[in-house]
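Have a look at the structure below before the remarks.
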Amino acid sequence: MPQDALTGWDDEMIAKAYAAFARAFPMYSASSRDLAVRARLAGSRVVVDLCGGTGATAEAILTLAPPDARVISLDNAPAMQRIGRRTLYDPRLSWITARAEELAEHAPAGGVDAVVCNSAIWKTDVPSVFAAVRHVLRPGGRFVFNVGGGFAGVTHPSARTRSASALLGSLIEQIATRDYGAPPAPTSSAPRLPLTAVASHLAAAGLTLVETDVTAQHITMAERRAWLSIPVFARPEHGFSYKQQMTILQEAYAQTRPDDVTVTSWLVVVARLDGPQM
């Protein structure tokens with residue numbers, strides 16, 4: 001059975017597929033740059049790419065960080081980092097294999113100026129990670145991350161105008177139910193990490209919520225199909241082999257046009273450690 005998007009990242013095939021997707025399509029590079037810009041990296045000495053995977057966000061950070069800055073990419077999947085080391089070369093970048101919750105054990109003694117986490121924070125023990133970030137940030141340092149709209153319970157206005165029937169995910173579920181006897185997809189549950197919970201966890205960790213934003217990514221069906229072809233993201237999630245998932249995906253994709261656009265929503269959060277700056 002396919003690996004899932006929480007535990008399946010330490011796999012060479014998955015890491016290669018993810019890295020190839022990130023190079024071919026703008027989904028992760030665009031969101032990475034957005035977060036890196038919000039982190040205000042000018043003058044930073046040390047920046048952490050948390051849950052950094054193959055380095056898409058580290059690459060965006062390196063583009064904006066000063067020439068003498070140090071960038072640390074921390075991730076718990078060795079396979080992802082092996083691929084990243086082969087494709088991203090910069091003397092300012094170092095790779096640390098560890099869980100996000102263990103950040104405080106691996107940050108430099110002098111602290112860090114910014115922590116950036118793209119498309120991953122809801123997969124962690126959020127209170128523990130926020131506490132670890134608080135421990136490593138210098139006063140004035142920023143913690144910037146995003147939460148997928150479905151997990152945060154937010155929808156960008158431009159996403160509300162799109163018909164759900166046009167989405168690949170909906171078509172996949174329809175085909176799985178109609179042709180394979182799969183049970184209907186469950187109705188939406190309560191958001192896993194809404195802004196109220198984010199704000200509460202930040203306050204408990206001693207971090208100040210600076211700003212939030214709901215952003216939209218406009219993704220073509222061709223890009224969406226490529227993303228759903230990565231084994232950890234393949235649908236339906238349970239009860240199907242990867243081969244079956246790809247057969248269903250191809251049938252669903254045939255009912256769309258490659259240039260059709262779907263909109264995904266994101267909650268973007270900027271927090272800060274207050275205190276006298278050095």
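Residue-level analysis places Arg225 among those that are part of a helix (DSSP H, G or I), open to solvent by 60 Å² or more (accessible area, probe 1.4 Å) and touching a helix residue (DSSP H, G or I) at 6+ places or on another chain (Cβ under 8 Å). In segment 83-99, the condition of being farther than 27 Å from Asp274 by Cα, among the small types (Gly, Ala, Ser) and touching a residue at least 60 places away in the same chain (Cβ under 8 Å) is met by at least one residue. Among residues of segment 34-84 being β-branched (Val, Ile, Thr) and part of a helix (DSSP H, G or I), the one that is most open to solvent (accessible area, probe 1.4 Å) is Thr63. For Pro186, the conditions (1) in a strand (DSSP E or B); (2) at pLDDT below 95 are fulfilled apart from (1). Does segment 124-143 contain any residue that is modelled with pLDDT of 95 or more, in contact with a helix residue (DSSP H, G or I) (Cβ under 8 Å, 6 or more places away or on another chain), open to solvent by less than 40 Å² (accessible area, probe 1.4 Å) and basic (Lys, Arg)? Yes, segment 124-143 contains a residue that is modelled with pLDDT of 95 or more, in contact with a helix residue (DSSP H, G or I) (Cβ under 8 Å, 6 or more places away or on another chain), open to solvent by less than 40 Å² (accessible area, probe 1.4 Å) and basic (Lys, Arg). The residue list Thr220, Thr208, Thr177 contains one member that is closer than 30 Å to Gly111 by Cβ and open to solvent by 40 Å² or more (accessible area, probe 1.4 Å), which is Thr208.
The rows are residues; the columns are (1) modelled with pLDDT under 95; (2) in a helix (DSSP H, G or I).
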| site | (1), (2) |
| --- | --- |
| Pro191 | yes, no |
| Val210 | no, no |
| Val214 | no, no |
| Pro236 | yes, no |
| Gln244 | no, yes |
| Leu249 | no, yes |
| Ala252 | no, yes |
| Thr264 | yes, no |
| Val268 | no, no |
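The values are calculated or read from the model by the stated rules, or taken from the named source; none is laboratory data. Quick caveat: nothing in here was measured; it's all calculated off a predicted structure. All Cβ positions, glycine included, derive from the backbone under ideal geometry; neighbour counts span all protein chains shown. To get the accessible areas, we keep the full protein, side chains included, count just its heavy atoms, and leave off ligands, DNA and RNA. Shrake-Rupley method; radii C 1.70, N 1.55, O 1.52, S 1.80 Å.
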